[in-house]
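Peer 1: Just dropping this structure here.
The values are calculated or read from the model by the stated rules, or taken from the named source; none is laboratory data. Just so you know, these numbers come straight off a predicted model, no measurement behind them. All Cβ positions, even for glycine, are placed from backbone atoms using ideal geometry, and neighbour counts span all protein chains on display. Accessible surface areas use protein heavy atoms only, side chains included; no ligands, DNA or RNA. Shrake-Rupley method; radii C 1.70, N 1.55, O 1.52, S 1.80 Å.
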Amino acid sequence: MCTTCGCGDTHLVPVELHEKILAGNDRVATHNREHFTAAGVLALNVMGSPGAGKTALLEATARASGGRWRMGAVSGDLATDRDARRLEKAGIPSRAITTGQGCHLDATLVHDALHGFPWEELDLFFIENVGNLVCPAIYDLGQAANVVALSVTEGEDKPLKYPVMFQAADLVLLTKCDLLPHLEVDVEQIRDGLRRVMPHPEVILLSAKTGEGIPAWVAWLEARRAALPRRHGHTHGPGGGHHHHH
Amino acid sequence: MHEYSLVQSLVDRVETLVRERSATAVHRVVVSVGELAGVDPGLFRTAYETFRDGTVCERAALELRTVPASWACPACGRSIPPGEVLACSPCGVPARLAAGGDALLLETVEMEVP
Ligand SMILES: Nc1nc2c(ncn2[C@@H]2O[C@H](COP(=O)(O)OP(=O)(O)OP(=O)(O)O)[C@@H](O)[C@H]2O)c(=O)[nH]1
Ligand SMILES: [Mg+2]
Ligand SMILES: [Zn+2]
Ligand SMILES: [Zn+2]
Ligand SMILES: [Zn+2]
């Protein structure tokens, strides 16, 4: 029964929403971002194809950092905790997020992984996403920046074939550059492709194996850390400022 | 296949709306898919057709509107054709993506309310 006109019929109404289908994930991501910002932690979402060299990059970062940062990581994996164990061995306290069928991490998985993990004491928190050049890009995790590893062995056409991933990247690392002498790959062509899918193309060519390019990556990390909003030296309100992790 | 989890979020949202407005039926759901949203419209439709059974969307038609990625110079307004370098060289600034080109949005839900 319609109370407006008393016609007794139901009314067909179009409800205009214009809202993101991932709004739920985005809300949790915002919550994560508030945690990281309040604690002064630089959180990075490290993405790339399976085997692009994400874990090797983090291992190399641990070697190159010379203890200047307290680092931690969570790594998304369909079935194993191999990457988390590799990172632990490299001196990066880590935890695996097993996604099962899920081909990407989402903000809730990351939030849940923070439980009992000493992330608040960190300078750098790496979130190694599931190896996949498609879906991880569309899920905000609360990171400060997206870093995409693209190995030089993957072919020049990857940026143009996977524009969504590269458009979302704040930094692209062209990994495994020690292999270039053995390959017929044109790095200039990869860079050109990136300029056609990224409005702010920032690219570092590096090798986790030889350490070439790692100083530029370390400098990028330094700059991002310096650009973090200053950590609050005080707490506000009863019970302290940022809520303790629940 | 993240299209399934996206459809799940969509159906959950529609279910909440139906409850809030005490709707008796949902007729149509309109979703816009940006070219750079990372969503395949065909897969999204397949996921929807599979997932909606037994939900409030069971009889609701899905209308998908695709939104092309269109880039332009934020300074001079010149549009940057697809495939070109995403910068305006005369102005020396990066191109900007028009709204919707990278978004997956629930636009409209048409439902029957008392
Ligand atoms: N030559 C060379 N090989 C590398 C380099 N970085 C990684 N690799 C090799 O590439 C393979 C994959 O490296 P990972 O670090 O496991 O790659 P990943 O991206 O973490 O892989 P997933 O997490 O499984 O997606 C391993 O065999 C590494 O030894 C590099 O800089 N140079
Ligand atoms: Mg790995
Ligand atoms: Zn996915
Ligand atoms: Zn929390
Ligand atoms: Zn211009």
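Peer 1: Nearest 0.05, what FRET efficiency do residue A:227 and residue A:182 give at R0 = 22 Å with Cβ-Cβ as r? Walk me through the numbers before you get to the answer.
Peer 2: Working: r = 37 Å, r/R0 = 1.70.
Step by step, r from the Cβ atoms, then E = 0.05.
Peer 1: Mind pulling the angle between the C-alpha long axis of helix B:41-51 and the longest principal axis of chain B? Nearest 10 degrees, somewhere in 0 to 90.
Peer 2: Approximately 20 degrees, to the nearest 10.
Peer 1: Heavy-atom accessible area per residue, the protein assembly as shown, 1.4 Å probe: how many Å²? Provide the component values of the computation, followed by the final result.
Peer 2: Working: 16730 Å² over 360 residues.
The answer is 46 Å² per residue.
Peer 1: At a threshold of 8 angstrom on Cα-Cα distance, excluding pairs fewer than six apart, so keeping six or more, what relative contact order does chain B reach in percent?
Peer 2: Details: 205 pairs, mean separation 44.0, N = 114.
So the answer I get is 39 percent.
Peer 1: Determine the total buried accessible area between chain A and chain B, counting protein heavy atoms only with a 1.4 Å probe; round to the nearest 100 Å².
Peer 2: Numbers: alone 12750 and 6780 Å², together 16730 Å².
Separately minus together, A and B give about 2800 Å² buried.
Peer 1: In the stretch B:3-23, which residues become less accessible by 10 Å² or more once every protein chain is in place, relative to the chain on its own, using a 1.4 Å probe?
Peer 2: At a threshold of 10 Å² (probe 1.4 Å), the residues of the stretch B:3-23 that become less exposed are B:5, B:6, B:9, B:10, B:13, B:17, B:21.
Peer 1: For n ≥ 4 DSSP H runs only, could you compute -39500 (n - 2.57) per run for the protein assembly as shown, divide by its residues and tell me the 222 nm figure to the nearest 500?
Peer 2: My calculation for the protein assembly as shown gives -9000 deg cm²/dmol from helical runs alone.
Peer 1: Then there is this: Carbon-plus-sulfur fraction of the accessible area of the protein assembly as shown, 1.4 Å probe, in percent?
Peer 2: Values: 8670 of 16730 Å².
Carbon-and-sulfur percentage of accessible area, whole number: 52.
Peer 1: What are the residues of the stretch A:9-24 that lose 50 Å² or more of accessible area, with a 1.4 Å probe, going from their chain alone to all protein chains?
Peer 2: Residues shielded by partner chains are A:10, A:12, A:13, A:15, A:17, A:18, A:19, A:21.
Peer 1: Roughly how many whole Å is it from the C-alpha centroid of the stretch A:18-53 to that of the stretch A:102-124?
Peer 2: Spelled out, the Cα-based centre of one part sits 9 Å from the other.
Peer 1: Another one. Using only the alpha carbons of the protein assembly as shown, what is the convex hull's orientation-averaged projected area in square nanometres?
Peer 2: Numbers: hull surface 90.8 nm².
The Cα convex hull of the protein assembly as shown, projected and averaged over all directions, gives 22.7 nm².
Peer 1: Please determine, in degrees from 0 to 90 and to the nearest 10, the orientation of helix B:3-21 with respect to the longest principal axis defined by the Cα atoms of chain B, where the helix direction is its Cα long axis.
Peer 2: Computed tilt is about 60 degrees.
Peer 1: Another one. Please say if the stretch A:13-225 is rounded, prolate or oblate, where rounded means a/c under 1.5 for a ≥ b ≥ c the square roots of the C-alpha gyration tensor eigenvalues, and otherwise the choice is prolate for a/b larger than b/c and oblate otherwise? Write down the numbers at each step before the final one.
Peer 2: Values: a/c = 1.68, a/b = 1.15, b/c = 1.46.
Since a/c reaches 1.5 but b/c is at least a/b, the shape of the stretch A:13-225 is classed as oblate.
Peer 1: Using only alpha carbon pairs under 8 Å that are at least six residues apart, calculate the relative contact order of chain A and give it in whole percent.
Peer 2: Working: 455 pairs, mean separation 56.4, N = 246.
So the answer I get is 23 percent.
Peer 1: Restricting to lysines 8 or more places apart or on different chains, can you count the pairs in the protein assembly as shown with Cα atoms under 30 Å from each other?
Peer 2: 15
Peer 1: I would also like to ask the following. Which residues of the stretch B:90-114 show a drop of at least 20 Å² in accessible area when all protein chains are present, compared with their chain alone (probe radius 1.4 Å, heavy atoms only, ligands and nucleic acids excluded)?
Peer 2: B:94, B:104, B:105, B:106, B:107, B:108, B:109, B:110, B:111, B:112, B:113, B:114
Peer 1: How much net charge surrounds residue B:67 when only other residues with a Cβ under 12 Å from its Cβ are counted (Lys, Arg +1; Asp, Glu -1)? List each step's numbers first, then the result.
Peer 2: Values: positive: B:65; negative: B:35, B:102, B:107.
Charge balance near residue B:67 sits at -2.
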